[in-house]
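Read through the structure below, which is laid out as structure tokens, and then see the notes.
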Amino acid sequence: MRIGELARATGTTARALRHYEQTGLIGSGRAPNGYRVYDETAVVRVRNIRALLEAGLTLEDVRPFLGCLDRDALGPPSPAALRIARERLAVLERRIAAQTEARDRLAAAIAAARTATATRGRGPSG
């Protein structure tokens, strides 16, 4: 199949597919006219790559998973892949904690401003 067909089948873009290929995550052959040609297994691989990216991994993080990307369900990952997944999870948890703290500070500031505005509106008699 050509790149546009693979993009449609996987819900991605031709640009992303070229990037995946450039980073060595997928491969293609060439048709006589020079167009990239992918076999049917590329659909499963690209879907699995996208699932890992959506889970918060980077393209570099995906590399250790190459051995298990060609199955409909991701197979058991290697110890290196599990280590990377745990590290990425820790990063995401730290970001979530930081965002939660920022949200709480903003909510407190809004509540304080609302209280101050309500207090000023009452005047000296209460």
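Since every read-out is calculated from the coordinates, none of them should be taken as a lab result. The structure displayed is predicted, hence computed values, not measured ones. Virtual Cβ from ideal backbone geometry, glycine too; neighbours counted across all protein chains shown.
If you rank Val46, Val91, Val37 by fewest surrounding Cβ atoms within 10 Å, what's the result?
So the ranking, lowest neighbour count to highest, is Val91, Val37, Val46.
Of [x] 17.5, 64; [y] 22.4, 69; [z] 24.1, 88, which one was derived for Rg and Dmax of the Cα atoms in Å from the structure shown?
The value computed from this structure is option [z].
What is the magnitude of the charge dipole of the chain about its Cα centre, with +1 placed on the Cβ of each Lys and Arg, -1 on the Cβ of each Asp and Glu, and no other charges, expressed in debye to the nearest 20?
In debye, rounded to 20, the chain gives about 560.
Test of the criteria: in segment 1-99, which chymotrypsin sites (Phe, Trp or Tyr not before Pro) are in a DSSP loop and have at most 12 other Cβ atoms within 10 angstrom of their Cβ?
Hits after loop and neighbour filter: Tyr35.
List Thr23, Thr12 from most exposed to least, where exposure is judged by having the fewest other Cβ atoms within 10 Å.
Neighbour counts put them in this order, fewest first: Thr23, Thr12.
Expressed as an acute angle from 0 to 90° and rounded to the nearest 10, what is the orientation of the C-alpha long axis of helix 79-122 relative to the principal long axis of the chain?
30 degrees
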